[in-house]
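What follows is a single structure, written as structure tokens, with notes after it.
The values are calculated or read from the model by the stated rules, or taken from the named source; none is laboratory data. Source: prediction; values computed, not measured. Note: ideal-geometry Cβ built from the backbone for every residue, glycine included; neighbour counts use all protein chains shown.
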There are 2 protein chains.
Amino acid sequence: MNPRNQSIPSPAVRRLSVYLRRLEYLAAQGVEKVSSRSLAESLRLADAQVRKDLAYFGQFGRPGVGYLVGPLVEELRRILGTDKIWPVVLVGSGDLGRALLRYKGFRRRGFDLVAAFDVSPAVVGRTIGGVPVLHVRQLPAVVAKHGVKLGIVAVPTDAAQDVADMLQAAGVRGILNFAPTVLHAAAEASVRPVDLAAELEQLSFRVGRE
Amino acid sequence: MNPRNQSIPSPAVRRLSVYLRRLEYLAAQGVEKVSSRSLAESLRLADAQVRKDLAYFGQFGRPGVGYLVGPLVEELRRILGTDKIWPVVLVGSGDLGRALLRYKGFRRRGFDLVAAFDVSPAVVGRTIGGVPVLHVRQLPAVVAKHGVKLGIVAVPTDAAQDVADMLQAAGVRGILNFAPTVLHAAAEASVRPVDLAAELEQLSFRVGRE
């Protein structure tokens, strides 16, 4: 990983996505300029936080003018890498995998699901959400052919580490893990866990203690 | 909110879900006891972190024995509130909403989707993933009838705040927000944002800077 990454706190990078969502919304509304204060207020953040986060990446605002929405959207996409299309593969076409294949939100943000993989004869050969489901033995060839760097793991716990290892061996460097287990990754790869039911659990914890 | 909540750091509560997943997995494998060290290693956490997190909630481990898996699973479920079934409503049956309705992972963890709501005549009256889709005007009555405290927002950005307000007015106290916008909630309510595409964006940021 480039040492430049080390100096930028992960929460700041996380907030870039939040800023981008808000700026895209403003752009769609025809808004051309926004102050850091107004942007911060709409996101319930401190003015100084917004300015500090963006300052990690450059000098975007102008005193008395604020941020130009369109150019800042482009700049944030460039920083986050979504100014281009990323081919993505998904492994596991069970209940959750199928839901993700049918979800169009990834494509809208520049992530193109090029193929899904499974081992079950019941599903291999089918097309779900417009995405072909292939046998997992074809994974290395597909990843190589499309230069895939991002993968989604949606297999059961028992298979998740093997799948993560296979993805990394094939060249995938970023893994979004929906399996309810902690994946060990090589130093040069990133794993982000997503556990939808655990998000509800966090809410039931808070609400249950009221 | 109970002041007890204030003293427990959110990351510790977040990790409870991670511990619970791992312990449920071990229980399914027939494992009866686990040391804090072994639990920590499998989750890539520090031994002391695991012990400290669990100590917020009680004295669970025994010197020389470790944790008893079954009882600790029960205890963590009780703490997180998932020792009982939570009725949940979902608003918005677009692409993402439908995917969530078809996802069975919520129910497996104690969250029962009792109804979905929409305004589109094309979808109101249908059943998706076994869940009836009702007109949003029925939301207050359904929330009251089932004593619903948790809601999922899967509507477009423009409608999200109105839906959150409606849920809270009806008595919902915890909201899982899939709309790509920041929701403002009353002090007694909790909102957790989930942005699946933003998770991929965080990976494309890391991978793009390698």
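For residue B:145, indicate whether it is modelled with pLDDT of 95 or more, more than 30 Å from residue A:129 (Cβ to Cβ) and surrounded by fewer than 16 Cβ atoms within 10 Å (Cβ to Cβ).
yes
Name every residue in segment A:86-141 that is at pLDDT below 95, buried (at least 22 other Cβ atoms within 10 Å of the Cβ) and more than 17 Å from residue B:100 (Cα to Cα), in order of residue number.
Result: A:109, single match.
Count, please, the residues in segment A:24-63 that happen to be within 23 Å of the chain's Cα centre (by Cα) and under 17 Å from residue B:182 (Cα atoms).
Number of matching residues: 13.
Do we find that residue B:113 is in contact (Cβ under 8 Å) with a residue 24 or more places away in the chain and either over 23 Å from residue B:172 (Cβ atoms) or within 8 Å of another protein chain (Cβ to nearest Cβ) (or both) in this structure? Reasoning before the result, please.
Working: in contact (Cβ under 8 Å) with a residue 24 or more places away in the chain: yes; either over 23 Å from residue B:172 (Cβ atoms) or within 8 Å of another protein chain (Cβ to nearest Cβ) (or both): no.
So residue B:113 does not fit the description; no.
Check every one of the helices (runs of 4 or more DSSP H) wholly within segment B:1-113 and list those with 3 or more residues that are small (Gly, Ala, Ser). Show your work before the answer.
On the way: elements: B:3-6, B:10-28, B:36-42, B:47-55, B:69-80, B:95-102, B:105-108.
Once the helices (runs of 4 or more DSSP H) in segment B:1-113 are filtered for at least 3 residues that are small (Gly, Ala, Ser), what remains is B:10-28, B:36-42.
Report every pair of residues separated by at least 6 positions or lying on different chains whose Cβ atoms are under 9 Å apart, first residue within segment A:141-156 and more than 11 Å from chain B (Cβ to nearest Cβ), second in a helix (DSSP H, G or I) and surrounded by 22 or more Cβ atoms within 10 Å (Cβ to Cβ).
If the second residue must be in a helix (DSSP H, G or I) and surrounded by 22 or more Cβ atoms within 10 Å (Cβ to Cβ), the pairs left are A:143/A:167; A:153/A:160; A:153/A:163; A:153/A:164; A:153/A:167; A:155/A:97; A:155/A:163.
This table checks each residue for (1) outside the structural domain of residue B:167 (by TED's automatic domain parsing); (2) in contact with a Ser or Thr (Cβ under 7 Å, 6 or more places away or on another chain); (3) not basic (Lys, Arg).
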site: B:37; (1), (2), (3): yes, no, no
site: B:90; (1), (2), (3): no, no, yes
site: B:104; (1), (2), (3): no, no, no
site: B:107; (1), (2), (3): no, no, no
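Can you pull out the residues in segment A:55-74 that are within 14 Å of chain B (Cβ to nearest Cβ) and under 14 Å from residue A:18 (Cα atoms)? Show your work before the answer.
Our first condition is that a residue be within 14 Å of chain B (Cβ to nearest Cβ); within segment A:55-74, this holds for A:56-57, A:73.
A:73 - this is the single residue of segment A:55-74 that is within 14 Å of chain B (Cβ to nearest Cβ) and under 14 Å from residue A:18 (Cα atoms).
Condition test on residue A:70, is it of a type in the set (Gly, Ala, Ser), closer than 30 Å to residue A:24 by Cα, modelled with pLDDT of 95 or more and surrounded by fewer than 22 Cβ atoms within 10 Å (Cβ to Cβ)?
Numbers: of a type in the set (Gly, Ala, Ser): yes; closer than 30 Å to residue A:24 by Cα: yes; modelled with pLDDT of 95 or more: yes; surrounded by fewer than 22 Cβ atoms within 10 Å (Cβ to Cβ): yes.
Criteria met by residue A:70.
Tell me, yes or no, whether segment A:25-38 has at least one residue that is at pLDDT 95 or above, more than 30 Å from residue B:100 (Cβ to Cβ) and surrounded by 18 or more Cβ atoms within 10 Å (Cβ to Cβ).
There is at least one residue in segment A:25-38 that is at pLDDT 95 or above, more than 30 Å from residue B:100 (Cβ to Cβ) and surrounded by 18 or more Cβ atoms within 10 Å (Cβ to Cβ).
Is there a residue in segment B:8-23 that is farther than 27 Å from residue A:184 by Cα, within 14 Å of the chain's Cα centre (by Cα), of a type outside the set (Lys, Arg) and crowded, with 19+ Cβ neighbours inside 10 Å? If you could, list the steps in order and put the result at the bottom.
Residues of segment B:8-23 that are farther than 27 Å from residue A:184 by Cα, as a first pass: B:8.
Still in the list and also within 14 Å of the chain's Cα centre (by Cα): none.
Within segment B:8-23, not a single residue is farther than 27 Å from residue A:184 by Cα, within 14 Å of the chain's Cα centre (by Cα), of a type outside the set (Lys, Arg) and crowded, with 19+ Cβ neighbours inside 10 Å.
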